[in-house]
Amino acid sequence: MLKLIVFNASERLVVINKKIAAGEMISAADVESIRVNYIWPGAVTESTQIIGKWTVTNLDAGQPLNLSLLSARQTFDPKFPNAVKVTLPANSTGVELECGSRVDVYVKVNASLAKKVLSRALVLSGGPANLAGLGKPARGIALAVRPNQIASLANFGQAATFTFVTLPL
């Protein structure tokens with residue numbers, strides 16, 4: 001015989017109510033409290049603990065929050081905490097890039113050969129920026145880039161076209 005035991009949810013837990021990308025600041029509108037049967041060390045039980053903190057990784061809707069997922073300062077890439085956010089122009093080519101994926105970035109100027117300028121950059125947001133000529137709004141592609149790689153981007157002007165190669169996780 002199967003016996004069903006029902007517990008009264010008595011603990012409060014704070015969860016994310018929408019998808020939030022790494023490097024975003026948490027606001028009161030991003031969280032909600034739910035009742036659960038148990039909590040664990042580091043679990044967020046009051047929204048005041050996290051409002052104004054920055055995410056260090058991508059968070060999904062309904063995901064419980066743990067203090068280790070947040071930072072007092074903006075962090076874009078948990079593997080490279082000093083990474084900075086760079087948005088490449090709308091003349092990029094490629095398919096829809098998935099937030100959280102890693103890419104190598106190649107640049108081509110006019111008829112030159114493509115040159116690798118970024119390695120293992122984390123995609124923060126992005127999409128098919130090459131749709132501007134089709135009447136759709138152009139979007140840039142935001143990446144978390146290590147500081148030592150930024151100089152390689154600074155040498156290219158408006159004539160540069162960027163290509164992204166998605167890497168296995």
| said: Given (1) part of a strand (DSSP E or B); (2) assigned by TED's automatic domain parsing to the domain that holds Thr163; (3) small (Gly, Ala, Ser), identify the lone condition not met by Gly100. | reply: (1)
| task | Could you please tell me which pairs satisfy a Cβ distance under 9 Å, a separation of 6+ or placement on different chains, a first residue in the stretch 53-78 that is closer than 18 Å to Ser33 by Cα and in a loop (DSSP other than H, G, I, E, B), and a second residue that is modelled with pLDDT under 85 and not aliphatic (A, V, I, L, M)? | result | Lys53/Ser71
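Residues Thr75, Thr55: which one is modelled with pLDDT of 85 or more and among the β-branched types (Val, Ile, Thr)? Walk me through how you get there before you give the answer.
Working: Thr75 fails: modelled with pLDDT of 85 or more.
Exactly one of Thr75, Thr55 is modelled with pLDDT of 85 or more and among the β-branched types (Val, Ile, Thr), namely Thr55.
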| task | Kindly indicate the residue of the stretch 127-158 that is in a loop (DSSP other than H, G, I, E, B) and of a type outside the set (Gly, Ala, Ser) and also modelled with the highest pLDDT among those meeting that condition. | result | Arg146
| query | Pairs, please: C-beta under 7 Å, at least 6 apart or cross-chain, first residue within 11 Å of Leu67 (Cβ to Cβ) and in the stretch 37-50, second of a type in the set (Gly, Ala, Ser)? | reply | Gly42/Ser68
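Listed here are the residues, each with its yes/no results for (1) surrounded by 14 or more Cβ atoms within 10 Å (Cβ to Cβ); (2) modelled with pLDDT under 90.
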| residue | (1), (2) |
| --- | --- |
| Leu2 | no, yes |
| Val6 | no, yes |
| Arg12 | yes, yes |
| Ile16 | yes, no |
| Ala28 | no, no |
| Asn37 | no, yes |
| message | Considering only residues that are part of a loop (DSSP other than H, G, I, E, B), closer than 24 Å to Leu143 by Cα and in contact with a strand residue (DSSP E or B) (Cβ under 9 Å, 6 or more places away or on another chain), which ones fall in the stretch 19-49? | response | Lys19, Ala21, Ala22, Gly23, Glu24, Ile26
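The values are calculated or read from the model by the stated rules, or taken from the named source; none is laboratory data. This structure is a prediction, so every number in the text was calculated from the model and none was measured. Note that we place each Cβ from the backbone using ideal geometry, even for glycine, and neighbour counts take in every protein chain shown.
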